[in-house]
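Some notes on the structure that comes next.
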Amino acid sequence: MKLIELAKELKITAEAIKQFIQDFDLDLIECISTQFEVKEDFEKFARENVDFLKQYEKDLDQNKTVDQIAKTINQPKEKIEKAIEENQSNIFDNGFFRSSVSSYGIDNKLGGNYQFVYNYFGNKTKLQQRDFIGYRDLFFYVSGVLEPFLNPQQIKDWGINKPVGIVLYGPPGSGKIFWATKIAEIINYQFKEVKKHFLGTSIVDGNTTNFNDFLLNMMKGEKILLFLEDFDEIMMARNAETNVATCNLESQEVILHYISKFESEDVLMVGSANTVANIDEEILAPGRFDVVIPVFPPNAAERSEIILYAMTKNLDKDSLLFKILKNNKADKIPFWSDIASKMKVFSNTMLIDFTQSLKKRIKNQYHKTKDEKLRIDETLLNGALRDAGAKLTEEYLNQIAQFLSDVIINNLDDFQMRIKALKTELESYKAVEIPRREIGFQHNGDREVE
């Protein structure tokens with residue numbers, strides 16, 4: 001059963017159910033599939049607790065004061081104010097909180113007893129089987145953008161058309177390719193990467209072919225997602241300060257010529273960019289690449305999960321590494337929380353570098369001691385941290401700063417908490433001296449990664 005079908009049957013909006021999953025920090029894999037098929041446990045929970053879900057939705061839809069929230073959940077006003085302050089919730093000038101604030105979500109964070117929720121989840125899904133980790137907010141944001149693909153009634157009821165061009169933007173190593181493939185999976189499109197040599201003219205089987213021919217051929221296919229890397233470089237705006245390559249200008253013209261036909265031909269183009277700041281405004285115009293989606297580096301909690309996932313992926317239970325991890329309680333997320341907290345603004349790639357380095361260090365230590373009970377101590381962890389931190393260059397930090405600037409302009413209301421957390425982590429690398437450039441952070445290579 002699709003989520004939208006369950007929501008309609010229970011007379012609860014799908015949006016309220018999505019927010020409930022986020023407020024109660026439930027794993028997506030235990031609730032819904034990528035195609036929004038409801039999992040058996042979640043369907044059972046929703047049916048048995050429909051009254052609570054309706055109560056949750058009613059509260060979510062109301063504008064409310066701190067006093068009203070305190071009365072609803074029977075929690076001290078001071079604690080509520082602190083929780084709301086930490087969550088950076090939007091507030092009206094008259095002191096009412098916007099309807100997107102859930103009293104029950106706040107109560108859950110303050111230790112309210114919602115065991116009846118968690119009795120259904122948490123013990124059945126192994127971390128190794130997860131489709132992806134964290135990023136519930138981004139997943140639901142992306143699914144909202146893709147709603148016209150998932151629910152054609154949107155076009156009939158609201159005149160909301162399918163996007164034909166999407167730009168995924170974020171710093172290197174943040175997972176833009178992953179999200180492009182995830183978009184293809186959600187809407188059931190074939191994922192096709194646009195190789196660099198497709199953009200120029202080439203010889204195939206003795207025949208000359210170019211990007212125009214490539215696009216025409218793709219438009220003959222069935223439901224195609226075209227993924228184009230270096231989108232910000234290829235689609236760079238022309239001005240006196242930049243020299244745009246001739247082949248890129250030709251690619252821009254070809255795409256602009258055909259993009260109006262993408263929707264009718266079931267083609268979606270997804271571009272991957274480090275920044276949207278330099279992309280030509282014509283490219284980002286309505287009806288073209290007018291949907292921009294930020295891809296953030298993982299936050300502290302997600303870093304712990306990603307590390308554990310990468311450390312245990314494909315390991316047999318009787319493998320030496322798994323035994324060593326288990327002896328150190330490193331087969332559980334809490335073990336990794338401390339080291340993950342030091343990996344401020346680390347990309348997904350840097351986290352994988354950390355796990356690869358740590359595995360090698362553990363292996364070398366084992367060969368010296370032959371002891372399955374060896375300790376994964378700070379020496380091993382900090383050594384791997386230094387290896388992974390090699391990519392934490394001034395250039396990378398500047399890219400994070402540019403990303404923050406982009407996301408504040410384009411997606412501020414959608415990702416306030418992530419923006420706040422990323423900004424705080426980035427500022428920890430600021431030099432004491434005032435940077436000379438508007439965007440830039442001096443990185444002291446002699447200082448340990450924080």
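The values are calculated or read from the model by the stated rules, or taken from the named source; none is laboratory data. Note that this is a predicted model, so its numbers are computed, not measured. Here the Cβ is made from the backbone with ideal geometry for all residues, glycine too, and neighbour counts use every protein chain on show.
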Which condition number does Met417 fail, the rest of (1) in contact with an Asp or Glu (Cβ under 9 Å, 6 or more places away or on another chain); (2) buried (at least 16 other Cβ atoms within 10 Å of the Cβ); (3) closer than 18 Å to Asn299 by Cβ being met? (2)
Taking the conditions exactly as written (outside any loop (DSSP other than H, G, I, E, B) and crowded, with 17+ Cβ neighbours inside 10 Å), does Val270 satisfy them or not? yes
Filter the stretch 294-304 for residues that are surrounded by fewer than 22 Cβ atoms within 10 Å (Cβ to Cβ) and not small (Gly, Ala, Ser); which is farthest from Glu281 (Cα to Cα)? Glu302
Can you tell me how many residues in the stretch 365-394 are in a helix (DSSP H, G or I) and within 19 Å of Ser341 (Cβ to Cβ)? 13
What are the residues in the stretch 74-110 that are loosely packed, with under 15 Cβ neighbours inside 10 Å, modelled with pLDDT of 65 or more and over 24 Å from Arg418 (Cβ atoms), if any? Asn74, Pro76, Lys77, Glu78
Do we have Ser304 as among the polar types (S, T, N, Q) and touching a strand residue (DSSP E or B) at 6+ places or on another chain (Cβ under 8 Å) here? no
Failed item in (1) touching an Asp or Glu at 6+ places or on another chain (Cβ under 8 Å); (2) at pLDDT 90 or above; (3) surrounded by 14 or more Cβ atoms within 10 Å (Cβ to Cβ), with Asn212 passing the rest: (1)
Close pairs from the stretch 163-174: first touching a residue at least 24 places away in the same chain (Cβ under 8 Å) and over 16 Å from Leu404 (Cα atoms), partner among the β-branched types (Val, Ile, Thr) and surrounded by fewer than 21 Cβ atoms within 10 Å (Cβ to Cβ), Cβ under 6 Å, at least 6 apart: Pro163/Val291; Val164/Ile259; Ile166/Val291
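Can we say Ala390 is closer than 19 Å to Lys430 by Cα, out of contact with any Lys or Arg (no Cβ under 7 Å at 6 or more places or on another chain), surrounded by fewer than 20 Cβ atoms within 10 Å (Cβ to Cβ) and of a type in the set (A, V, I, L, M, F, W, C)? It would help to see each step written out before you state the result.
Values: closer than 19 Å to Lys430 by Cα: yes; out of contact with any Lys or Arg (no Cβ under 7 Å at 6 or more places or on another chain): yes; surrounded by fewer than 20 Cβ atoms within 10 Å (Cβ to Cβ): yes; of a type in the set (A, V, I, L, M, F, W, C): yes.
It is true that Ala390 is closer than 19 Å to Lys430 by Cα, out of contact with any Lys or Arg (no Cβ under 7 Å at 6 or more places or on another chain), surrounded by fewer than 20 Cβ atoms within 10 Å (Cβ to Cβ) and of a type in the set (A, V, I, L, M, F, W, C).
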Quick test for you: out of Asn212, Asn248, Asn274, Asn278, pick the one residue that is at negative phi and in contact with a His (Cβ under 9 Å, 6 or more places away or on another chain). Asn212
